[in-house]
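The values are calculated or read from the model by the stated rules, or taken from the named source; none is laboratory data. The shown structure was predicted, so the numbers you read here are calculated from the model rather than taken from an experiment. Here the Cβ positions follow ideal geometry from the backbone for every residue, glycine too, while neighbour counts run over all protein chains shown.
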Amino acid sequence: MKGKVERPIDSIRERFWRGYRFESVEQANRDLRLWLDETANERVHGTHGQSVRLRWDEERARLGTRPPVEYDTSVKVFRKLYRDCQIRYNGSSYVLPYRVVGKRVMLKVKNGTIRFYHDDELLVAYPEAQSKGQVVSNPFFYEQLRRDREQARRTYGRRKGKATRGLVNSSLFPQVQYRPLAHYEQLVAGGGTWNN
C-alpha cells in the first residue's frame, strides 16, 4: 500500500519536475496544474485500463460526505487502572474514578491535555503534568470512594438498618403463608383491600 501512495510523487518528480525551471511559485503551480490536467490525468492507467480523469469522475459520484468531526490526531495510549485508582503516564500519576478499577482505560493526549476514556465514556480530562513525579487528581473521586464505602458498610454490614431487617429475616409479612387462597381470589376479582 505504501508504494501505491508514494508512486504518484515519483511520477510527478520524474515526469514534471526534472529539468523544469520556473520564476515564481505561482508560475510553478499554474504549470503543474496544466500538466496534471492535460497529461497526467489523461493517461490510461495500467490497473483498470481507463484514463485517470474518467475513473476519478466515476468514483467521485460514489463518494459520501466527509465525517462531521475532524480526524482525531491525539496520541492514544492504553493502561489498566489498578487498586490505587492511579494511572501512570510520562512519570506522573493521574487519579481516576474507582468504578473503573481493573479495567483498561484509553488516554488521549493532545495539546497539553490528557483525556481518559473507558469505552466511549469520557471519565475525566486533566492538564498534562508539568514535571515527573506529580499526582494530578480530582478530590471528588476520593470523596466519592469514601462515601460509597460507608454506604456499603451500612447496607451490607453486620447490623443492617431497620428498613431492610424484615427482608433479611422474612418477618415483614408472616401472615401471608397462613391466609386462605379465597382471600387472594377476592382481591383479584376487585373486591376487598390489601392489608397486613
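A few notes on this one:
- Filter result (of a type in the set (A, V, I, L, M, F, W, C) and at pLDDT 90 or above) within the stretch 37-55: 54
- Of all the residues in the stretch 18-33, those that are closer than 19 Å to residue 53 by Cα and either touching a helix residue (DSSP H, G or I) at 6+ places or on another chain (Cβ under 9 Å) or outside the structural domain of residue 53 (by TED's automatic domain parsing) (or both) number 2.
- When residues in the stretch 112-131 are screened for being small (Gly, Ala, Ser) and assigned to a strand (DSSP E or B), 1 of them pass.
- Screening residue 47 against (1) among the polar types (S, T, N, Q); (2) surrounded by fewer than 10 Cβ atoms within 10 Å (Cβ to Cβ); (3) under 29 Å from residue 20 (Cβ atoms); (4) touching a residue at least 12 places away in the same chain (Cβ under 8 Å) leaves a single unmet condition, (4).
- If you filter the stretch 76-108 down to residues that are exposed (fewer than 11 other Cβ atoms within 10 Å of the Cβ) and in contact with a Leu (Cβ under 8 Å, 6 or more places away or on another chain), you find that the one that is farthest from residue 134 (Cα to Cα) is 102.
- Within the stretch 73-106, restricting attention to residues that are in contact (Cβ under 8 Å) with a residue 40 or more places away in the chain and touching a Gly at 6+ places or on another chain (Cβ under 9 Å), the residue that is farthest from residue 148 (Cα to Cα) is 91.
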